2 protein chains.
Amino acid sequence: MTTRTLHLNAFLMGVGHHEAAWRHPRTEPARLTDVRHYQQLARVAERGRLDSLFLADGLALQGDVRHNALGGLEPLTLLSALATVTDHIGLIATVSTTYNEPFHVARKFASLDHISGGRAGWNIVTSAAEAEARNFGIERPAHADRYARATEFLEVVTKLWDSWEDDAVVGDRRAGLYADAGRIHPLDHDGTHFRVRGPLNTSRTPQGHPLLVQAGSSQDGKEFAARFAEAVFTAQQTLAEGQEFYADLKGRMARYGRNPGELLVLPGISPIIGSTEREALRLEKELEDLIIPAYGLAQLSHMTGIELSHDDLDRPLPEVSVETEGAQSRRKLVIDLARRENLTVRRLLGRLAGGRGHRVVAGTPEQIADEIQVWFENGAADGFNIMPPTLPGGLEDFVDHVVPELQIRGLFRREYEGRTLRENYGLARPASRYAAPARDEELDAVVAS
Amino acid sequence: MTTRTLHLNAFLMGVGHHEAAWRHPRTEPARLTDVRHYQQLARVAERGRLDSLFLADGLALQGDVRHNALGGLEPLTLLSALATVTDHIGLIATVSTTYNEPFHVARKFASLDHISGGRAGWNIVTSAAEAEARNFGIERPAHADRYARATEFLEVVTKLWDSWEDDAVVGDRRAGLYADAGRIHPLDHDGTHFRVRGPLNTSRTPQGHPLLVQAGSSQDGKEFAARFAEAVFTAQQTLAEGQEFYADLKGRMARYGRNPGELLVLPGISPIIGSTEREALRLEKELEDLIIPAYGLAQLSHMTGIELSHDDLDRPLPEVSVETEGAQSRRKLVIDLARRENLTVRRLLGRLAGGRGHRVVAGTPEQIADEIQVWFENGAADGFNIMPPTLPGGLEDFVDHVVPELQIRGLFRREYEGRTLRENYGLARPASRYAAPARDEELDAVVAS
Ligand SMILES: Cc1cc2nc3c(=O)[nH]c(=O)nc-3n(C[C@H](O)[C@H](O)[C@H](O)COP(=O)(O)O)c2cc1C
Ligand SMILES: Cc1cc2nc3c(=O)[nH]c(=O)nc-3n(C[C@H](O)[C@H](O)[C@H](O)COP(=O)(O)O)c2cc1C
């Protein structure tokens, strides 16, 4: 019997991951900017004992706003508001390293970690879109440069999180000593991209380091993940691809002195759930009938960098090379999928609408649980990134019907193990790099005496 | 009879504004990073029907952490968590224009405005301290350059807030039309400091523009306030100074086509409240006895730019010029105070400990209300920035004893007038600059037909 536990993340996305979700009677698109909508989702996910919830983000209005519900809330601002109505679930926000400063990012996640009692996580992205660069007055940096900056960014942020040792705050009112200044450290970081004096102006947080999450699957992306990430979201279509990715990523970790167990691989899955398979397929068809081809075409052009029009709908995807300065892994996945299954552009649109390249599984709760179990037990996943087609309905279905099935099979928790996101994910709390090793000797002396 | 209403802001600062607050038995310094502490403060302020609450901020650990409770939370992250436990009170966060990008700032305040149902406000600062520059790898820009950047920053942010017209979101599920793309506008801003394409990726917010607040009192600061600010926090020690500042600031507004009523001047006041005057003075003395001279000296050196040591304690403040690249108005206020009242450095420290240069008034609720009324009715204030010496105790005293007195005098509201911060402050909701005037003609045509 396995003692591994499955880990589940609720990927929240407006009124659902299906691109036509906002047109489906199960959703209310006006709730896109309503905090109560997200609070309800957070409570549902916590009722299902999910490890965490996650908000994606981009720094530009992308996609055709005529045909999709865009223009929602900024993740970090939103997560604080979710922290106050939940007790256990982890709160993961996407923030870019390309258009931010490490001091701000370190501080905001430190604040969220305090506010949530140790439940903050950071999905680190490098911002692949040119539209994002144009909101910051610069040309989009090359792919390799973005990852080089991200690497130094992480060094600085983790130093800032370490700059207050755990026991820096003394709080001795009588002596008038608030903090032990010797346990608060400047970084004096002086690198290629950043010069940061430090220390942070927020004290050490419950988790020490908010959890580091990553979602880029290019070579640079995987190398970055192997070095820093503690959880990885990824889009994998087949079990074989999932296994290859899993082994590849974990295999890279030794180079950075890390064990495979220190990183969880969470492939995305969009579960379309029915009480019978027929019902699930009917829901899938309902959503597909609401797709607006012009919207899907524009999205596909954006993902692949190929200009596409209505005339292309019933032809195969044109041949192109896979190298680009944008999002390499997403582009490759889409092109591979079209080639492998010999899809016309129209059929490719249908396949992508559900999860933008993530795996869509329509079926009964048992069938969904089967899929999850097979991947989990065959070296393709440590858990899943759950992407409900509609929200809140699709998340409620998952929590009410798939979670109990996973619990019956002994794959998933019935109660939270602890209070922090690290405890949910079974990951250690890092020590501050500045903590004086001298104190261990002192301790030994005390123990020996 | 006057129909003007007093406006009151609760300035929240850790466990109190008095620099020795953390040592006083009425506070719990461990609550500095506890969100429940701030939630309690927000609820108390809302119970008192205060217009807003406000969080200051700096981008470096400043002051001597050995002797003061530093290392708290980042304001924007915290305010979202306060939005969810309150219904009416405005939520004002400090964010710097010197070390941020307009796109991020516009978006975060837009999110907070959505999350709070129209209660967000931005205290715009230019970051006077050199320590802040060192966390962002640059030399601190000159005073005038900081304000020049701030001016363009505001142009960009307000354009971003306007980029979605009020009725841009259509939400027509049947037609598959989510938004009217013709009512979402790129800015194509191309200026000296910023190039920003836009539009924002968050839809138009309840207030249209989150409220603009400002707190710099140098010449550049006042000019900036006259142009953009809708509320101004300021430190004024005497009624005459208060009147002069008030007239000066309001007098500058016509130049920007604004009326004096479109900006509220809110001087700071730290009320030390007792049921008798003797009790108030005893509390003041208790706090003074907890001051650590070394801490005050370092703070004073920091504020004035003059190096000071214990040897200086019983001498007058050395002569210096007032021009500096740091915070000009605070420096001037402190130097003027020392000269006007002929204070030794030690006595100056006592005067500053209560409110870092803001007016401290110790007395009964009636005496505090008298002070407030005199300034309010004699052209020195539209309201006050309340800076309780200890928190939560000092805020509870104000709400339970001073607020009722102000209500009895007909100076302050008994119930909130509306739901947004603009409604609390009696300020109009701005229209989007991009809203097509053509539609007025259409309307005229409809009316005429
Ligand atoms: C599940 C998942 C979620 C993602 N979320 C975001 C996101 O919120 N913002 C973003 O800019 N990129 C997001 N990405 C994209 C990647 O993080 C990455 O930036 C992009 O793929 C480019 O990197 P690469 O070339 O290494 O793949 C996501 C990817 C996956 C698989
Ligand atoms: C009540 C009040 C609150 C302030 N809060 C902040 C703050 O939170 N952060 C900050 O950097 N400066 C703050 N300041 C300083 C001013 O905003 C301003 O940046 C500084 O005085 C320098 O500008 P000046 O030279 O125009 O005075 C505050 C000032 C006052 C009066």
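The values are calculated or read from the model by the stated rules, or taken from the named source; none is laboratory data. Because the structure is predicted, anything quoted here is derived from the model rather than measured. Heads up, the Cβs are rebuilt from the backbone with ideal geometry, glycines too, and the neighbour counts pull from every protein chain shown. In case anyone asks, the SASA skips ligands and DNA or RNA and just uses the protein heavy atoms, side chains included. Shrake-Rupley method; radii C 1.70, N 1.55, O 1.52, S 1.80 Å.
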Only one residue in A:Ala254, A:Ala235 is open to solvent by 10 Å² or more (accessible area, probe 1.4 Å) and within 11 Å of ligand 1 (Cβ to nearest atom). Which one?
A:Ala235
Keeping to segment B:191-222, report how many residues are outside any loop (DSSP other than H, G, I, E, B) and either among the basic types (Lys, Arg) or away from ligand 2 (no atom under 16 Å from the Cβ) (or both).
3
Restrict the check to segment A:125-137 and report whether at least one residue is within 12 Å of chain B (Cβ to nearest Cβ), in a helix (DSSP H, G or I) and within 20 Å of the chain's Cα centre (by Cα).
yes
Please work out if A:Gly63 is more than 16 Å from ligand 2 (Cβ to nearest atom) and closer than 30 Å to B:Arg197 by Cα.
yes
Give segment B:1-36 a look and list any residue that's assigned to a helix (DSSP H, G or I) and among the polar types (S, T, N, Q), or say none.
B:Thr33
Using beta carbons and a limit of 9 Å, which pairs, at least six apart or on different chains, have the first residue in segment B:52-66 and farther than 16 Å from B:Val95 by Cα and more than 8 Å from chain A (Cβ to nearest Cβ) and the second one assigned to a loop (DSSP other than H, G, I, E, B) and open to solvent by 10 Å² or more (accessible area, probe 1.4 Å)?
B:Gly63/B:Glu19; B:Gly63/B:Leu70
Would you call B:Thr276 touching a residue at least 40 places away in the same chain (Cβ under 8 Å) and β-branched (Val, Ile, Thr)?
yes
Confirm whether B:Phe194 is buried (at least 19 other Cβ atoms within 10 Å of the Cβ), at pLDDT 95 or above and closer than 20 Å to B:Phe384 by Cα.
no
Checking the structure you have, find out if any residue of segment A:147-158 is more than 13 Å from chain B (Cβ to nearest Cβ), within 23 Å of A:Gly357 (Cβ to Cβ) and surrounded by fewer than 23 Cβ atoms within 10 Å (Cβ to Cβ).
yes
Got at least one residue in segment B:405-413 being open to solvent by 10 Å² or more (accessible area, probe 1.4 Å), in contact with a helix residue (DSSP H, G or I) (Cβ under 6 Å, 6 or more places away or on another chain) and more than 29 Å from B:Gly117 (Cβ to Cβ)?
yes
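Residues checked against (1) more than 15 Å from the chain's Cα centre (by Cα); (2) open to solvent by less than 30 Å² (accessible area, probe 1.4 Å):
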| site | (1), (2) |
| --- | --- |
| B:His7 | no, yes |
| B:Glu28 | yes, no |
| B:Arg36 | yes, no |
| B:Leu41 | yes, yes |
| B:Leu79 | no, yes |
Name every residue in segment A:117-137 that is in contact with a helix residue (DSSP H, G or I) (Cβ under 6 Å, 6 or more places away or on another chain) and open to solvent by 10 Å² or more (accessible area, probe 1.4 Å), in order of residue number.
A:Thr126
Consider A:Ser203 against the criteria (1) open to solvent by less than 10 Å² (accessible area, probe 1.4 Å); (2) among the hydroxyl-bearing types (Ser, Thr, Tyr); (3) within 30 Å of B:Arg31 (Cβ to Cβ): it satisfies all of them except one. Which criterion is unmet?
(1)
Is it the case that segment B:297-313 has a residue that's at pLDDT 85 or above, open to solvent by 70 Å² or more (accessible area, probe 1.4 Å), in contact with a strand residue (DSSP E or B) (Cβ under 8 Å, 6 or more places away or on another chain) and not β-branched (Val, Ile, Thr)?
no
Can you tell me which of B:Val345, B:Val265 is under 30 Å from B:Leu421 (Cβ atoms) and open to solvent by less than 50 Å² (accessible area, probe 1.4 Å)?
B:Val265
Selection over segment A:273-318 where residues are away from chain B (no Cβ under 14 Å) and either under 30 Å from A:Val403 (Cα atoms) or assigned to a loop (DSSP other than H, G, I, E, B) (or both) yields a count of 23
Test A:Ser270 against the stated conditions and say whether it is polar (S, T, N, Q), under 30 Å from A:Phe228 (Cβ atoms) and not in a helix (DSSP H, G or I).
yes
Failed condition for A:Lys332, given (1) within 27 Å of A:Ala144 (Cβ to Cβ); (2) away from ligand 1 (no atom under 16 Å from the Cβ); (3) open to solvent by 70 Å² or more (accessible area, probe 1.4 Å), with all others met?
(2)
Residues of segment A:180-203 being touching a strand residue (DSSP E or B) at 6+ places or on another chain (Cβ under 9 Å), more than 22 Å from A:Thr151 (Cα to Cα) and within 9 Å of chain B (Cβ to nearest Cβ), which ones?
A:Asp180, A:Ile184, A:Thr202, A:Ser203
A:Thr324 vs. criteria hydroxyl-bearing (Ser, Thr, Tyr), at pLDDT below 85 and open to solvent by 30 Å² or more (accessible area, probe 1.4 Å)
yes
If you go through segment A:86-103 one residue at a time, do you hit one that is within 8 Å of chain B (Cβ to nearest Cβ), buried (at least 20 other Cβ atoms within 10 Å of the Cβ) and in a helix (DSSP H, G or I)?
yes
Within segment B:190-200, does at least one residue satisfy the condition of being within 16 Å of ligand 1 (Cβ to nearest atom) and within 28 Å of B:Leu55 (Cα to Cα)?
no
For B:Gly14, work out the one condition from (1) away from ligand 2 (no atom under 15 Å from the Cβ); (2) touching a residue at least 24 places away in the same chain (Cβ under 8 Å); (3) within 14 Å of another protein chain (Cβ to nearest Cβ) it doesn't fulfil.
(1)
Would you pick out the residues in segment A:23-55 that are in contact with a helix residue (DSSP H, G or I) (Cβ under 7 Å, 6 or more places away or on another chain) and of a type in the set (Asp, Glu)?
A:Asp51
Among (1) open to solvent by less than 20 Å² (accessible area, probe 1.4 Å); (2) facing chain B (nearest Cβ under 8 Å), which single condition is A:Arg23 missing?
(1)
Against the conditions (1) modelled with pLDDT under 95; (2) surrounded by 22 or more Cβ atoms within 10 Å (Cβ to Cβ); (3) away from ligand 1 (no atom under 16 Å from the Cβ), where does A:Gly216 fall short? Just the number, please.
(3)
For segment B:348-377, how many residues meet the condition of being open to solvent by 50 Å² or more (accessible area, probe 1.4 Å) and modelled with pLDDT of 95 or more?
6
